[in-house]
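This report concerns only the one structure given below.
The values are calculated or read from the model by the stated rules, or taken from the named source; none is laboratory data. This is a predicted model, so every value here is computed, not measured. No Cβ is skipped: glycine too gets one built from the backbone with ideal geometry, and neighbour counts run over all protein chains shown.
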Amino acid sequence: MDQASLITFITEMFTILNPIGSVAIYAGMVANRAPADRRSVAIKSSIAVGVILITTVWLGETILRIFGVQIPSLQVAGGIMIASIALSMLRSIQSPIHSTKKNGDPPPPDQDISVVPLAMPMVAGPGSMVTVIVNTHTHRGVIPNLEMSAVCGLMAALICAGFLSAGPITRVLGTKGMDIVTKFMGMVLLAIAVSMFATGATGLMPGLAGMVPAAHETAE
């Protein structure tokens, strides 16, 4: 991957994983647990996030090929999915894509929430997995895969650091501060979703690529 593509991928993953917003989710889910249990959940869930994303880097496109799913179709579906998440972030509500049950009651203290539902789908959800697969298709090769794996590992480490520092972060930013950050990330994520959808739509219907220049020429 060239430097610009790598920076774009880092931005996409940071925005869609939303480490700061994930801290709020984590804090709510472990509020009634002992400190040692909170640390255990933070570490195990972060490791799970890293494993899920890195596995997607190396095997995601192969799995899609087995099921006969085309990348442009995935880009269109992913654009819609990520737009749904972004709009939920802008409206300060939880996306249905990241929801695992109908009520908002926290899980009981004896339930292991590290992998499901915290790591997946609440942090490493379908949106982040689609983003990884689309990028592995665009940037093929062992080196790009290693670079994207390193980015996924870095994101997992950031999430772990955020979870372990959940108390200070929530106290410093407060509810309004975290809401502002989430809304800003929602705007960036929506722009990414529109770009992904447009690329996929052009791949499915190549004739769309020539419509924009034609429209400009007509206007002139």
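With respect to Ala86, determine if the residue is at pLDDT below 95 and either of a type in the set (D, E, K, R) or surrounded by 14 or more Cβ atoms within 10 Å (Cβ to Cβ) (or both). Taking the combined requirement at face value, the residue satisfies it. For region 150-194, the set of residues classified as out of contact with any Gly (no Cβ under 8 Å at 6 or more places or on another chain) and of a type in the set (Ser, Thr, Tyr) consists of Ser165, Thr170, Thr175, listed by residue number. Quick check: is even one residue across region 53-69 surrounded by 20 or more Cβ atoms within 10 Å (Cβ to Cβ), farther than 22 Å from Asn145 by Cα and touching a helix residue (DSSP H, G or I) at 6+ places or on another chain (Cβ under 7 Å)? No - not one qualifying residue is present in region 53-69.
Scanning region 28-42 for residues that are under 17 Å from Met155 (Cβ atoms) and part of a helix (DSSP H, G or I) turns up at least one hit.
With the requirement that a residue be in contact (Cβ under 8 Å) with a residue 24 or more places away in the chain and among the β-branched types (Val, Ile, Thr), what does region 45-63 give you? Talk me through it step by step, then tell me what you get.
Kept after step one, since they are in contact (Cβ under 8 Å) with a residue 24 or more places away in the chain, are these residues of region 45-63: 45-50, 52-54, 56-58, 60-61.
The answer is Ile47, Val49, Ile52, Ile54, Thr56, Val57.
Of all the listed residues (Asp37, Asp112), the sole one being surrounded by fewer than 19 Cβ atoms within 10 Å (Cβ to Cβ), out of contact with any Cys (no Cβ under 9 Å at 6 or more places or on another chain) and at pLDDT 90 or above is Asp37. Looking at region 120-205, the helices (runs of 4 or more DSSP H) lying wholly inside it that each contain 1 or more residues that are surrounded by 15 or more Cβ atoms within 10 Å (Cβ to Cβ) and at pLDDT below 90 sit at 126-138, 166-204. Going by the structure shown, is Ala24 of a type outside the set (Asp, Glu), at pLDDT below 90 and part of a helix (DSSP H, G or I)? Spelling it out, Ala24 is indeed of a type outside the set (Asp, Glu), at pLDDT below 90 and part of a helix (DSSP H, G or I). For region 64-82, taking the residues that are part of a helix (DSSP H, G or I) and without any contact (Cβ under 8 Å) to a residue 24 or more places away in the chain, the one that is farthest from Met196 (Cα to Cα) is identified as Ile66.
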